[in-house]
Amino acid sequence: MLPGMTLRFRSVIEAATGGGAAAKVPADVEAALGGRKQIRVTGTLNGVPIRTSTMPYRGGFYVGLHRAAREAAGVEIG
């Protein structure tokens, strides 16, 4: 994956430990990102700009979603 390329996916927002939330990254996007490693990503959540990180979690690969970003985007867990 080259810097500046755009990857899109849909996912259900899941509750995470410590009151946070995360969205599972599909396998094809995971592969395009170079596998299960923590990297910083920028993107949008329902049109709202976000900055987050990828992470292996619960046997899958996820992006963390901060509460402020979820509230600004008008999305909820589930």
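Values for this structure:
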{"read-out": "Amide H contacts under 5 Å for Ala21, placed H, 5+ residues apart", "value": "Ala16, Leu65"}
{"read-out": "Sum of -39500 (n - 2.57) over DSSP H runs of 4+, divided by residues of the chain (222 nm, nearest 500)", "value": "-4000 deg cm²/dmol"}
{"read-out": "The chain - accessible surface per residue (Å², probe 1.4 Å)", "value": "68"}
{"read-out": "Karplus-derived HN-Hα couplings along the range 25-35 (A = 6.51, B = -1.76, C = 1.60, θ = phi - 60°), whole Hz, x at Gly and Pro", "value": "8, x, 4, 5, 6, 4, 4, 5, 7, x, x"}
{"read-out": "The range 1-30-the range 44-72 distance, computed between alpha-carbon centres (Å)", "value": "6"}
{"read-out": "Karplus (6.51, -1.76, 1.60) ³J(HN,Hα), θ = phi - 60°, over the range 48-65, in Hz, Gly and Pro reported as x", "value": "8, x, 9, 10, 8, 9, 8, 6, x, 7, 6, x, x, 10, 10, 10, x, 10"}
{"read-out": "Gain on full stretching of the segment that runs from Ser53 to Arg8 - 0.36 nm per residue minus C-alpha separation", "value": "14.7 nm"}
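The values are calculated or read from the model by the stated rules, or taken from the named source; none is laboratory data. This one's a predicted model, so the numbers in the text were calculated from it and none came from an experiment. Heads up: the accessible areas ignore ligands, DNA and RNA and are worked out on the full protein's heavy atoms, side chains in. Shrake-Rupley method; radii C 1.70, N 1.55, O 1.52, S 1.80 Å.
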